[in-house]
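Asker: Starting off with a structure, shown below.
Read the figures in this text as sums done on the coordinates, not as results from a lab. It should be emphasised that the depicted structure is a prediction, and the values quoted were computed from it without experimental measurement. Every residue, glycine among them, receives a Cβ derived from its backbone with ideal geometry; neighbour counts consider all protein chains shown.
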Ligand SMILES: Cc1ncc(COP(=O)(O)O)c(C=O)c1O
């Protein structure tokens with residue numbers, strides 16, 4: 001909005017920046033973001049403080065008056081962002097890593113700047129189509145047939161929740177309290193949480209024991225279903241895992257599908273971590289049977305390297321989602337009923353929501369799905385390589401072999417009690433993380449603490465894995481030197 005003499009006029013409305021102000025904001029942000037992204041590999045993998053001081057320093061009162069954009073960016077980039085795990089960097093090998101593809105950030109910017117409404121088809125038919133394409137591509141990736149469908153969610157927890165509600169509404173009467181749910185003792189806690197949120201007593205969730213590979217035991221599952229039926233309960237849902245968070249274990253999906261079929265139960269597969277590996281040759285073999293599930297959770301913010309806040313729930317029969325969410329309101333627009341199209345609010349718990357499809361659509365179109373497949377293959381290779389290297393460290397035991405891209409391990413020198421082993425391995429974890437080249441987390445397996453490496457960031461390559469193994473080797477030597485002399489006479 002230049003005046004005739006070229007001077008920049010202030011905006012007419014306080015909430016509407018001028019064209020020049022928008023350009024200036026974008027120019028500054030793009031400088032900051034590019035600098036941030038290109039230096040991600042050099043940034044520490046985690047932060048060195050306990051975070052309390054930094055967090056408290058940023059508590060603030062509701063501001064009445066305007067602030068300075070440059071100053072606000074300094075707060076973000078200098079004070080806030082550095083006090084965080086570097087979840088977008090190559091050294092983040094903790095939990096299940098997320099992604100953060102740059103084109104997705106661009107897509108989010110476009111989506112929020114145009115702020116179109118995709119909750120109902122009629123409000124933005126062409127944009128809804130782009131998101132529908134993404135859902136269809138995901139169905140194709142897991143091998144789902146015609147008639148399948150799904151929704152993009154904010155993450156795996158919400159996908160699991162929606163799946164459980166859908167299964168409940170498809171398989172149980174309105175008074176559903178005697179319905180029982182079967183999952184393994186390795187399942188993600190979001191499954192139990194979802195069951196409770198869906199209205200079930202927690203005691204109705206059966207944790208079926210897993211075998212020595214941490215996979216659900218189908219014989220124990222069958223036995224428990226029989227036992228519950230005999231007690232007058234109503235088994236209705238099996239939740240299998242396609243890649244557990246603890247060890248990456250994949251339940252025997254084909255066997256679970258057989259049982260579900262024979263017993264007329266709904267089979268949901270939590271593939272938040274593992275389902276996208278179906279794109280790879282090895283993954284397809286490991287996940288055999290996944291397409292027989294009635295519903296599948298996938299987390300594009302894990303296996304497709306997208307930013308946090310992007311989950312997906314697929315169902316074999318799209319009508320099941322529609323039936324589970326059916327309701328009406330006088331003020332709603334008339335929904336179209338062309339089978340080619342969908343109103344997302346008709347098949348999901350959400351009405352207004354972000355246009356999250358764009359952050360998947362843009363990078364997939366831009367890079368092609370082959371780039372994602374190659375990325376996942378590389379992560380599988382890196383995890384295998386790491387496990388082989390770890391085997392060479394004295395007293396190191398691989399507790400869970402990498403099937404997908406996750407391995408669990410612990411130092412296990414002879415002569416230590418269980419508590420001593422736990423303390424030793426917690427110390428090992430702390431020492432590795434203190435180096436800040438990688439960030440690892442642990443878990444408890446067979447009652448004892450273990451460390452994990454989960455390789456899933458698109459930015460993690462061999463150079464970082466070499467660093468990870470070198471740090472682990474050095475830390476393991478130090479732990480054994482400092483903690484074990486009294487027991488073993490020092491390094492063996
Ligand atoms: C196997 C599994 N299921 C479900 C979830 C929950 O997903 P989200 O964190 O996206 O809600 C996770 C998260 O790590 C997971 O690993």
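Asker: May I ask what percent, to the nearest 5, of DSSP beta bridges between residues of the chain are antiparallel?
Answerer: Within the chain, antiparallel bridges account for around 55 percent of the total.
Asker: If you don't mind, there's one more thing I want to ask. How many Å³ per residue does the convex hull of the Cα positions in the stretch 257-300 occupy?
Answerer: 59
Asker: Would you mind ranking 122, 191 so that the residue whose beta carbon has the fewest other beta carbons within 10 Å leads the list?
Answerer: 122, 191
Asker: Given 20 °C and 1.002 mPa s, how large is the Stokes-Einstein diffusion coefficient of the chain in µm²/s, with Rh as the Kirkwood radius over Cα pairs?
Answerer: Using the Kirkwood radius from Cα pairs, D works out to 86 µm²/s.
Asker: Another one. Can you give me the Kirkwood hydrodynamic radius for the stretch 127-230, using every pair of distinct Cα atoms, in Å to one decimal?
Answerer: 15.7
Asker: If I stretch the segment between residue 308 and residue 61 completely, what's the gain in nm (0.36 nm per residue apart, minus their alpha carbon distance), one decimal?
Answerer: 86.1 nm
Asker: Between residue 154 and residue 12, what's the calculated FRET efficiency when r is the beta-carbon distance and R0 is 30 Å? Round to 0.05.
Answerer: FRET efficiency, residue 154 to residue 12: 0.25.
Asker: If we restrict to alpha carbons, what Rg and Dmax does the stretch 240-394 come to, in Å?
Answerer: Values for the stretch 240-394 (Cα only, Rg and Dmax): 18.6, 70 Å.
Asker: Here is a further query. Plugging the Kirkwood radius over Cα pairs into Stokes-Einstein for the stretch 191-275, at a temperature of 25 °C and a viscosity of 0.890 mPa s, what D comes out in µm²/s?
Answerer: Once the numbers are plugged in, D ends up at 184 µm²/s.
Asker: P(r) tail for the stretch 373-488, what percent of Cα pairs lie past 17 Å?
Answerer: 52
Asker: Next up: Expected output is a single nm value to one decimal: the length gained when fully extending between residue 264 and residue 189, i.e. 0.36 nm times separation in residues minus the C-alpha distance. What is it?
Answerer: Using 0.36 nm per residue and subtracting the Cα-Cα distance, I get 24.5 nm.
Asker: Based on the Cβ-Cβ distance from residue 117 to residue 223, what FRET efficiency comes out when R0 is 56 Å, to the nearest 0.05?
Answerer: Step by step, r from the Cβ atoms, then E = 0.65.
Asker: Shape verdict for the stretch 12-95, please, from the Cα gyration tensor: rounded (a/c under 1.5), prolate (a/b greater than b/c) or oblate.
Answerer: Oblate, because a/c is 1.5 or more while a/b does not exceed b/c.
Asker: How do 461, 189 rank when sorted from fewest to most other Cβ atoms within 10 Å of their own Cβ?
Answerer: So the ranking, lowest neighbour count to highest, is 189, 461.
Asker: Right, here's the next one. Using a Förster distance of 51 angstrom, determine the FRET efficiency expected from the C-beta separation of residue 203 and residue 54, and round it to 0.05.
Answerer: In this case the efficiency is close to 0.75.
Asker: Right, here's the next one. Beyond 25 Å, how much of the Cα-Cα pair distribution for the stretch 107-367 remains, as a whole percent?
Answerer: Above the 25 Å cut-off, the stretch 107-367 has 42 percent of its Cα pairs.
Asker: Let me have the relative contact order for the chain, percent, based on Cα pairs under 8 Å that are six or more residues apart.
Answerer: So the answer I get is 20 percent.
Asker: Within the stretch 112-134, which residues have the backbone N less than 16 Å from the label spot 7 Å out from residue 22 along Cα→beta-carbon, could you tell me?
Answerer: 112-116
Asker: May I pose another question? Considering Cα pairs under 8 angstrom that are at least six residues apart, work out the relative contact order of the stretch 1-153 and quote it in whole percent.
Answerer: Computed over the stretch 1-153, the figure is 16 percent.
Asker: Okay, next question. So what's the back-of-envelope 222 nm ellipticity for the chain, counting only DSSP H runs of four-plus at -39500 (n - 2.57) apiece and dividing by all residues, rounded to 500?
Answerer: Here the helix-only value at 222 nm equals -13000 deg cm²/dmol.
Asker: Something else now. Which length gain, in nm to one decimal place, applies between residue 71 and residue 391 when the Cα-Cα distance is subtracted from 0.36 nm times their residue separation?
Answerer: That works out to 110.2 nm of additional length.
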